[in-house]
Amino acid sequence: MYYALAFLVGILLPLQTAINSNLRAQLGDSVLLATTISFAVGAVTMALLALASSERGALQALPQLQWWQLTGGFLGAAIVAGSIVLAPRIGLAGMTALIVGGQLCASLMFDRHGFLGLAERALTLPRVAGASLVLLGVLLVNYGDRLRG
């Protein structure tokens, strides 16, 4: 079930990017305003869900958080803003392939070293081979048409 959920999340990324790119165009090409509106709607949605859930008690942990634990929102905003800029310029498929390639390379290193307390996972030959195939796919998605020419 988790694998299907991950696949679904992967489907949602280009959909979100297309919607946010359309929003940007509707707002006079403002990447910052489109990103702000996207995050505001997301923040309100998540706040309402959190308040309606049994997780309200977790708010007591806020004073104990480390500063770097709050940077996820900044990184999310950078990712959304970057995708809004990139999608119309390099296309959804090219952009998504490059994002997945970057995610995979970083994830292999984060797994290898147990980054931020995550479980360590070895950098094995099958994992490196799989990542290499993905990176080959990134190249084909972005530059494959040039090979025909």
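If you go through region 114-121 one residue at a time, do you hit one that is at pLDDT 95 or above and within 21 Å of residue 10 (Cβ to Cβ)? So far as region 114-121 goes, yes, one or more of its residues are at pLDDT 95 or above and within 21 Å of residue 10 (Cβ to Cβ). Filtering 77, 47, 81, 43 for residues that are within 17 Å of residue 14 (Cβ to Cβ) and in the same structural domain as residue 12 (by TED's automatic domain parsing) leaves a single hit, 81. Is it the case that region 23-38 has a residue that's small (Gly, Ala, Ser), touching a Lys or Arg at 6+ places or on another chain (Cβ under 7 Å) and farther than 19 Å from residue 138 by Cα? Yes: region 23-38 contains one or more residues that are small (Gly, Ala, Ser), touching a Lys or Arg at 6+ places or on another chain (Cβ under 7 Å) and farther than 19 Å from residue 138 by Cα. Might you let me know whether region 99-120 holds any residue that is loosely packed, with under 15 Cβ neighbours inside 10 Å, among the aliphatic types (A, V, I, L, M) and touching a residue at least 40 places away in the same chain (Cβ under 8 Å)? There is no residue in region 99-120 that is loosely packed, with under 15 Cβ neighbours inside 10 Å, among the aliphatic types (A, V, I, L, M) and touching a residue at least 40 places away in the same chain (Cβ under 8 Å). One residue stands out in region 53-86 among those that are closer than 29 Å to residue 18 by Cβ and among the small types (Gly, Ala, Ser): the one that is surrounded by the fewest Cβ atoms within 10 Å (Cβ to Cβ), namely 72.
Per-residue answers, yes or no, for (1) more than 30 Å from residue 22 (Cα to Cα); (2) of a type outside the set (S, T, N, Q):
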site	(1), (2)
103	no, no
125	yes, yes
132	yes, no
135	no, yes
144	no, yes
148	yes, yes
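Out of the residues in region 28-44 that are hydrophobic (A, V, I, L, M, F, W, C) and under 21 Å from residue 91 (Cβ atoms), which is surrounded by the most Cβ atoms within 10 Å (Cβ to Cβ)?
Ranking the qualifying residues of region 28-44, first place goes to 34.
The values are calculated or read from the model by the stated rules, or taken from the named source; none is laboratory data. Values in this document were obtained by computation on a predicted structure and should not be read as measured data. Note that we place each Cβ from the backbone using ideal geometry, even for glycine, and neighbour counts take in every protein chain shown.
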